[in-house]
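The values are calculated or read from the model by the stated rules, or taken from the named source; none is laboratory data. Note that this is a predicted model, so its numbers are computed, not measured. Neighbour counts run over all protein chains shown; Cβ positions are idealised from the backbone, glycine included. In case anyone asks, the SASA skips ligands and DNA or RNA and just uses the protein heavy atoms, side chains included. Shrake-Rupley method; radii C 1.70, N 1.55, O 1.52, S 1.80 Å.
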Amino acid sequence: RAKESGRGCYRRFEPEMERRLRVRQSLEADLRGALGRGEFELHYQPIVSLTTPPEVCFEALLRWRRPGRDLVPPGSFISVLEETGLIAPVGAWALRTACADAAGWPASVRVAVNVSPAQFRSGTLVAEVEAALAESRLPAARLDLEITEAAILTDDAAILATLHRLRASGIRVALDDFGTGYSSLSYLRHFPLDKLKIDRSFVVGLDSSHASASIVRAIVTLARSLGLVSIAEGVETPEQLHHLRRLGCDEIQGHLFAAPRPNEEVPAMLRRIHEYTLLETWIHLSRP
Ligand code: C2E
Ligand code: MG
Ligand code: MG
Ligand code: MG
């Protein structure tokens, strides 16, 4: 398009490029001090098992209370944290905060924390996790870590050792955004994992697209045959829930139950899930 509109166009786009550069620089400058100023928060979104009674886990999702702005979701700044190395202190803070918050929940409720590829490969993750658990006194069996395929892209001994050490202490590891990465699938043979999280992009098309439904069914079947728990993220409608239940998906996460909310609202979310699942059970039982 730039070519078509001729030579003048570069000059027209230059201010836009400068503007973007300035936006990026001020974002980076503000992010550098954000942790020290206490501007990060964790919000929690329930993941609910399709069993009676349901088991509940809350995923910790990072938010930035940037002064003078609306609450900023991580999509616009996680990549900057990664590029600048700030993800290391912020990630360690998220681990400690999530474990401390979860230690105040009912003992049957778990917490899941996202771990960035750099953090996973840093060599200090196991020590950070141990410190967070010791400080909060949260049992390791109540902690899940969510990693992405990028974290385990190369098949080296250090990654395998990290996974073994985490799982030996009772922590469970989930592979996030499954199906969107470089999936050669061969890593599923080498790496010890506990859960596969089906990416929201497949769940969105569940009821309208035959291809999406086929992919979700394939992932659920793959998870089951590998002995892994399947989790669908981004579930928004009762129709999607019914479809996933029919396909045999184990756990559900999405706005249908609740959007991510601050720790203070965890008790209210637990009450709502309980009511909702009672209703669901009733609908299920009342079917001919
Ligand atoms: P994710 O781990 O795949 O988290 C799920 C994302 O889907 C969250 O976005 C959540 O708010 C959103 N979501 C859940 N249910 C629904 C739904 O029903 N509809 C819609 N439209 N969206 C839904 P969020 O909070 O913006 O986080 C985006 C990504 O940022 C996360 O994706 C994760 O990769 C990353 N992230 C979040 N917190 C952390 C963190 O503490 N550390 C690291 N390294 N990454 C994080
Ligand atoms: Mg996640
Ligand atoms: Mg995910
Ligand atoms: Mg996702």
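About its Cα centre, what dipole magnitude does the range 63-147 give when the only charges are +1 on Lys and Arg Cβ and -1 on Asp and Glu Cβ, stated in debye to the nearest 20?
Values: 9 positive and 9 negative charges, 49 e Å.
Dipole magnitude for the range 63-147 comes out near 240 debye.
What are the ³J(HN,Hα) values, in whole Hz, obtained from phi via the Karplus relation 6.51 cos²θ - 1.76 cosθ + 1.60 with θ = phi - 60°, for each residue of the range 131-136 in sequence order, with x given for Gly and Pro?
5, 4, 5, 5, 4, 8
Provide, for q = 0.12, 0.13, 0.15, 0.17 Å⁻¹, the log10 of I(q)/I(0) from a solvent-free Debye sum over equal Cα point scatterers in the chain.
-0.84, -0.97, -1.22, -1.45
What is the gain in length, in nm to one decimal, between A157 and V80 on full extension, counting 0.36 nm per residue of separation less the C-alpha to C-alpha distance? Mind dumping the intermediate values first?
Working: separation 77, 0.36 × 77 = 27.72 nm, distance 2.84 nm.
Here the segment from A157 to V80 would lengthen by 24.9 nm.
Once phi is turned into ³J(HN,Hα) by the Karplus curve 6.51 cos²θ - 1.76 cosθ + 1.60 with θ = phi - 60°, what whole-Hz value does each residue of the range 197-214 show in order, with x for glycine and proline?
3J(HN,Hα) across the range 197-214, in whole Hz: 9, 6, 5, 4, 4, 7, 5, 4, x, 3, 8, 10, 10, 4, 5, 4, 4, 5.
Could you tell me what % of all Cα pairs in the range 226-273 have separations over 17 Å? Spell out each step's value before the answer.
Working: 458 of 1128 pairs.
Summing the P(r) tail past 17 Å for the range 226-273 gives 41 percent.
With every atom except the alpha carbons ignored, what do you get for Rg and Dmax of the range 126-280, in angstroms?
16.8, 48
For the chain, with every protein chain kept in place, what is the accessible area per residue (1.4 Å probe, Å²)? Walk me through the intermediate numbers first.
On the way: 15160 Å² over 288 residues.
Per-residue accessible area for the chain comes out at 53 Å².
Apply the Karplus parameterisation 6.51 cos²θ - 1.76 cosθ + 1.60, with θ equal to phi minus 60°, to every residue of the range 78-95 and state each ³J(HN,Hα) to the nearest whole Hz, in sequence, with x for glycine and proline.
These are the phi-based 3J(HN,Hα) values: 4, 5, 5, 4, 5, 5, 8, x, 5, 4, 5, x, 5, x, 5, 4, 4, 4 Hz.
How large is the charge dipole for the chain, taken about the Cα centre, if only the Cβ atoms of Lys, Arg (+1) and Asp, Glu (-1) carry charge, to the nearest 20 debye? Could you put the intermediate results ahead of the total?
Numbers: 35 positive and 36 negative charges, 97 e Å.
It comes to approximately 460 debye.
Report, to the nearest whole %, how much of the accessible area of the range 194-272 belongs to carbon and sulfur atoms, 1.4 Å probe, protein only.
After summing per-atom areas, the C and S share lands at 54 percent.
Do any chymotrypsin sites (Phe, Trp or Tyr not before Pro) in the range 155-242 lie in a loop, going by DSSP, with at most 11 other beta-carbon atoms within 10 Å of their beta carbon, and if so which?
On the way: sites: F178, Y182, Y187, F202; in loops: Y182.
Hits after loop and neighbour filter: Y182.
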